[in-house]
1. Among the residues of the stretch A:274-291 satisfying the criterion of being closer than 24 Å to residue A:11 by Cα and touching a Lys or Arg at 6+ places or on another chain (Cβ under 6 Å), which is nearest to the ligand (Cβ to nearest atom)?
2. Find the residue count for the stretch A:104-124, including only residues that are open to solvent by 10 Å² or more (accessible area, probe 1.4 Å) and either modelled with pLDDT under 95 or within 16 Å of residue A:6 (Cβ to Cβ) (or both).
3. Name the single residue, out of those in the stretch A:243-255 being crowded, with 24+ Cβ neighbours inside 10 Å and away from the ligand (no atom under 16 Å from the Cβ), that is nearest to the other protein chains (Cβ to nearest Cβ).
4. Taking residue A:352, is it more than 14 Å from chain B (Cβ to nearest Cβ) and at pLDDT below 85?
5. Applying the selection to the stretch A:367-405, what residues are open to solvent by 30 Å² or more (accessible area, probe 1.4 Å) and more than 14 Å from chain B (Cβ to nearest Cβ)?
6. Could you grab me the full set of residues in the stretch B:53-77 that are touching an Asp or Glu at 6+ places or on another chain (Cβ under 9 Å), open to solvent by 10 Å² or more (accessible area, probe 1.4 Å) and within 28 Å of residue B:110 (Cβ to Cβ)?
7. Going by the structure shown, is residue A:294 more than 14 Å from chain B (Cβ to nearest Cβ), touching a residue at least 12 places away in the same chain (Cβ under 8 Å) and within 16 Å of the ligand (Cβ to nearest atom)?
8. In the list A:28, A:81, which residue meets the criterion of being touching an Asp or Glu at 6+ places or on another chain (Cβ under 9 Å), in a loop (DSSP other than H, G, I, E, B) and open to solvent by less than 80 Å² (accessible area, probe 1.4 Å)?
Amino acid sequence: METQKRFRDEKHECMSREEMKALQSEKLVKQVQHVWDNVPYYRRKMEVRGLKPTDIQSIDDLHKLPFLSKADLRDAYPYGLLGKPLDECVRIQSTSGTTGKRVVAFYTQHDVDLWEECVARAIVAAGGTDKDVCQVAYGYGLFTGGSGLHGGSHKVGCLTLPMSSGNTERQIQFMQDLGATILCCTPSYAAYIGETIKEMGISPDSLSLKAGIFGAEPWTEEMRREIEKSLGIKAYDIYGLTELSGPGVAFECEEQTGMHINEDHFIAEIINPDTGEVLPDGTKGELVFTSLDKEAFPLLRYRTRDICVLTRGKCSCGRTLVKMAKPMGRSDDMLIIRGVNVFPSQIESVLVKMAKTMPNYQIVVDRVNNTDTFDILVEVDDSMFSDTVKTYEDMQKTIANELKSVLGIRAKIKLVEPKSIPRSEGKAVRVIDKRKLHG
Amino acid sequence: MTVKQLSVFVENRPGRLSTITRLLGDNGVNIRAMSIADTKDFGILRLIVDDSEKAQKVLKGENFAVTITNVMAIKILDQPGGLADAMDCLYKDNISVEYMYAAFINATDGTAYLILRVDKTDDAVTALTEGGFKLVSDEELKSL
Ligand SMILES: [Zn+2]
């Protein structure tokens with residue numbers, strides 16, 4: 001009997017801690033030397049601290065290295081962090097640039113291969129083999145979602161459907177006609193496809209889909225269950241940052257209790273975001289990554305601004321790779337309202353508890369008379385309809401009270417008509433911060 | 001015996017009511033009774049129409065949140081105390097009225113029609129029927 005392959009790279013995914021530490025140390029020494037030799041921007045940072053490459057002998061010396069931040073990436077834009085001559089680079093990818101100047105990351109062929117290999121591990125962990133039909137409904141182009149999953153799908157040998165995002169009816173038609181088994185897209189788009197399938201009267205059982213790999217934006221456990229139900233699949237989370245390569249830096253296994261970080265390529269640390277102090281496993285803090293194999297865009301101790309927790313321990317899937325919890329949100333998404341940190345994911349988790357399906361919502365923040373206003377528009381849908389005003393008012397009150405207990409501040413809940421909040425088929429625009437418009 | 005009422009969630013912004021009524025009119029749906037319950041931000045438009053299924057389909061097609069509720073349409077005498085008699089009938093059986101509104105008045109036979117939503121619809125139907133009130137069916141409503 002043929003047994004399904006469970007790992008893309010069993011040796012690296014299931015290494016003992018000692019072996020992994022030795023491998024990381026060996027690679028770190030080389031990566032630091034590469035940066036020292038080729039990236040004057042970072043070399044100066046080391047020199048300021050009186051550090052030489054020889055001071056880094058193993059991963060125990062990692063904490064000595066200076067951090068890189070998003071601000072550094074902006075300062076060094078576009079070529080300041082380049083580790084290889086441009087003629088050895090074959091690709092750029094870029095972030096959407098919603099906060100400040102966009103990040104442009106460079107890749108040699110080696111870097112592209114490494115990235116796609118990481119994504120391939122994620123696809124295999126989601127049950128993917130060369131027998132699968134993988135529908136890539138992430139946006140293609142500068143965004144790493146489309147090309148990342150596309151490349152990984154090729155590596156696994158799946159039949160790849162390069163759909164890109166949008167044109168939902170065509171997505172569904174291809175899904176049906178070509179028997180897609182794995183769907184890759186943003187979770188909000190997956191939810192939208194699920195919603196559309198329902199509207200079209202198509203039963204999820206009639207589809208061949210078995211798994212989905214969803215990432216690039218925060219989503220909640222409740223949203224996962226919703227998507228799994230509406231599409232009849234198991235939904236896997238995937239994590240990555242363009243700066244580091246793209247999706248595939250970490251991926252979920254069938255246990256669905258956190259994402260395994262590809263530690264043989266990226267060292268993860270959790271730090272106290274205020275002091276920079278390294279925190280022990282199991283402590284909440286800012287996630288920091290050090291690339292170990294990158295040529296064109298090597299990053300040492302890059303602060304992601306993602307707040308999360310790392311856990312080590314035996315996973316039922318057999319992998320020994322450290323697991324990261326789903327980030328509470330990027331600090332880019334984090335809003336400070338009346339002095340309180342608010343992550344859209346917290347609001348989402350309250351909303352899904354209230355409604356039978358995940359309602360579409362939008363956070364609107366403004367400043368009136370030096371006080372922040374905090375409104376949440378929530379679309380009324382069939383699952384919450386009623387013929388009395390009281391039902392709606394009670395719902396507004398319940399959401400507001402629940403949010404108050406989660407966030408510590410009160411929001412004004414405004415119920416709006418179905419589909420009145422603009423939807424994007426790629427990344428959901430969940431936040432309108434008018435305070436920025438006023439300066 | 002009940003009739004089907006449409007409840008439509010409507011945001012308080014200009015033109016919403018005209019959009020809904022125009023939409024129904026253009027699709028040949030005749031409105032027989034209506035009322036609005038409103039708050040500062042939104043309202044619920046309640047409608048009794050001659051073809052509730054068609055109306056629901058048309059409104060949903062335009063992304064309105066619509067729900068159908070079974071309510072009672074009763075015939076009362078268009079004279080002082082006519083409404084009070086009906087209320088007494090419900091009150092003695094411990095039935096509470098959640099909302100009600102007037103439908104139409106028939107000048108020729110001196111009767112009026114009232115739309116009622118109560119907490120215990122089945123009990124109310126029994127109480128009113130036993131009290132001698134005439135309840136209108138969906139079919140009858142179409143021909144009125
Ligand atoms: Zn695992």
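1. Here the residue is A:281.
2. 2
3. Among those that are crowded, with 24+ Cβ neighbours inside 10 Å and away from the ligand (no atom under 16 Å from the Cβ), it is A:247.
4. Spelling it out, residue A:352 is indeed more than 14 Å from chain B (Cβ to nearest Cβ) and at pLDDT below 85.
5. Scanning the stretch A:367-405 gives A:367, A:368, A:369, A:370, A:371, A:373, A:398, A:401, A:402, A:404, A:405.
6. Once the filter is applied, which keeps residues that are touching an Asp or Glu at 6+ places or on another chain (Cβ under 9 Å), open to solvent by 10 Å² or more (accessible area, probe 1.4 Å) and within 28 Å of residue B:110 (Cβ to Cβ), the stretch B:53-77 yields B:76, B:77.
7. no
8. So the residue among A:28, A:81 that is touching an Asp or Glu at 6+ places or on another chain (Cβ under 9 Å), in a loop (DSSP other than H, G, I, E, B) and open to solvent by less than 80 Å² (accessible area, probe 1.4 Å) is A:81.
The values are calculated or read from the model by the stated rules, or taken from the named source; none is laboratory data. As the structure is a computational prediction, the values presented were derived from the model and not from experiment. Reconstructed Cβ throughout: ideal geometry from the backbone, glycine too, with neighbour counts over all protein chains shown. The area values use the complete protein model at the heavy-atom level, side chains included, leaving out ligands, DNA and RNA. Shrake-Rupley method; radii C 1.70, N 1.55, O 1.52, S 1.80 Å.
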